Amino acid sequence: LESARTTRQAESEARLEALDQLRHSERLAVMGRIASGLAHELGTPLNVVAGRAKMIGSGDLETEEVGQSARIIREQAERMTGIIRQLLDFARRPRGQFREQDLAPVITGVLQILGPTARSSGVELQTVMPEGLPPVRVDRNQLEQVLLNLVMNAIQAMPEGGPVQIALEAGSGQEAGT
């Protein structure tokens, strides 16, 4: 009996590990699909930085214009850093941590990641998020994965483009054991 229990426990742990690896693979597959959108998202600020740097390097700018160009370069660099940070945060293997979470920033972050893909497909991402909604106990990484998959599926299901709406609303707290 002890041998059977040990074998069953090892098989169960192996299944859980395989499931965790599958989830991680799915996350990486989604990242691959949105990579072209992110390249576009980074391309715009990179072009702004390159153009402003060229203007500064030409020596044709007034002192005030040099300062303004430097500020714009800094802002665009911060924008690119934020985009890369979002991508890296998403790519990390989740740890299964449930915490009280305001859902609006989670949804906003996912839509920022998928925005370039949606725009290139003619899809307009819309949100309805009333203020004052209470936080919800969720695993942020798992919720992001679900939202990414749902919104990506919606984008792919609309070859002619159109609106995709993500809406939050307060429930009674009785649904799904919450």
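The values are calculated or read from the model by the stated rules, or taken from the named source; none is laboratory data. Here the structure is a predicted model, which means the values were calculated and not measured. Cβ: placed from backbone, ideal geometry, glycine included. Neighbour counts: every protein chain shown. Heavy atoms of the whole protein, side chains included, go into the accessibility calculation; ligands, DNA and RNA do not. Shrake-Rupley method; radii C 1.70, N 1.55, O 1.52, S 1.80 Å.
Annotations for the structure displayed:
- Subset of segment 124-146 (residues that are part of a helix (DSSP H, G or I) and at pLDDT 90 or above): none
- Among the residues of segment 66-86, not one is over 30 Å from ARG27 (Cα atoms), touching a helix residue (DSSP H, G or I) at 6+ places or on another chain (Cβ under 6 Å) and open to solvent by 70 Å² or more (accessible area, probe 1.4 Å).
- Among the residues examined, PRO163 qualifies as loosely packed, with under 14 Cβ neighbours inside 10 Å and within 25 Å of THR44 (Cβ to Cβ).
- Answer from ASP20, ASP89 - the residue that is in contact with a Pro (Cβ under 9 Å, 6 or more places away or on another chain), part of a helix (DSSP H, G or I), surrounded by 11 or more Cβ atoms within 10 Å (Cβ to Cβ) and of a type outside the set (A, V, I, L, M, F, W, C): ASP20
- Verdict on ILE84 being touching a Gly at 6+ places or on another chain (Cβ under 9 Å) and of a type in the set (A, V, I, L, M): no
- Filtered residues of segment 78-109 (kept if modelled with pLDDT under 85 and β-branched (Val, Ile, Thr)): ILE83, ILE84
- Residue within segment 42-63 that is open to solvent by 50 Å² or more (accessible area, probe 1.4 Å), in contact (Cβ under 8 Å) with a residue 60 or more places away in the chain, under 19 Å from SER120 (Cα atoms) and hydroxyl-bearing (Ser, Thr, Tyr) present: no
- Screening VAL138, VAL128 for residues that are β-branched (Val, Ile, Thr), open to solvent by less than 30 Å² (accessible area, probe 1.4 Å) and either under 24 Å from LEU168 (Cα atoms) or free of Cβ contacts under 8 Å to residues at least 40 places away in the same chain (or both) leaves exactly one candidate, VAL138.
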